[in-house]
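Asker: Here it is, the structure, as structure tokens.
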């Protein structure tokens with residue numbers, strides 16, 4: 001590049017650095033408490049609101065009637081609608097995309113949602129998940145869950161840092177699209193090999 005863009009004599013780069021000192025314990029603790037308090041307030045607010053939305057979607061049907069069976073809920077209707085997108089990844093049962101939707105509130109909610117939707121407790125969850133997944137589709141599911149967009153608290157932090165709603169949407173779509181492609185590759189290549 002020095003022959004094209006950066007032609008000419010190099011300019012010396014001089015940067016003066018401040019004196020570095022070891023911080024006092026009091027300064028570190030005050031900064032830590034301030035940052036932790038800020039994160040907890042912001043994250044708790046976002047997670048709390050997302051949890052209310054997910055509870056509402058899981059508790060009411062499309063006509064806004066309370067439903068005891070989560071298979072009749074708005075969340076299940078959304079999961080059934082988008083399950084077509086996840087069929088090439090190896091998981092087409094409506095409960096799996098529904099669990100992924102709740103993962104937007106917190107990634108930990110994916111498994112707990114699957115436990116609720118399959119009607120099992122923690123000890124029986126492995127058996128009910130075995131009915132939903134083959135080993136290959138379970139691996140594809142894990143790849144997707146690992147790579148798709150983080151929880152709403154992290155998304156709100158990204159929006160705050162970027163200062164742009166469109167940039168935040170782009171990051172959400174990019175990460176979810178990349179996760180879909182990676183899980184698709186895992187499942188389809190795995191089907192060819194196995």
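The values are calculated or read from the model by the stated rules, or taken from the named source; none is laboratory data. From a predicted model like this one, the values you see are computed outputs, not experimental measurements. Using ideal geometry, Cβ is built from the backbone for each residue, glycine included, and neighbour counts are taken over all protein chains shown.
Asker: Just need a number here: residues in region 62-91 that are buried (at least 16 other Cβ atoms within 10 Å of the Cβ) and under 20 Å from residue 187 (Cβ atoms).
Answerer: 6
Asker: Does at least one position in region 33-53 carry a residue that is in contact with a strand residue (DSSP E or B) (Cβ under 9 Å, 6 or more places away or on another chain) and more than 19 Å from residue 172 (Cα to Cα)?
Answerer: no
Asker: Next question. Any residue at all in region 14-26 that's under 25 Å from residue 152 (Cα atoms) and part of a helix (DSSP H, G or I)?
Answerer: No.
Asker: Take residue 162 and decide whether it is within 30 Å of residue 38 (Cβ to Cβ), surrounded by fewer than 16 Cβ atoms within 10 Å (Cβ to Cβ) and touching a residue at least 24 places away in the same chain (Cβ under 8 Å).
Answerer: It is false that residue 162 is within 30 Å of residue 38 (Cβ to Cβ), surrounded by fewer than 16 Cβ atoms within 10 Å (Cβ to Cβ) and touching a residue at least 24 places away in the same chain (Cβ under 8 Å).
Asker: Of the residues 109, 123, which is surrounded by fewer than 20 Cβ atoms within 10 Å (Cβ to Cβ) and at pLDDT below 85?
Answerer: Matching residue, one of 109, 123: 123.
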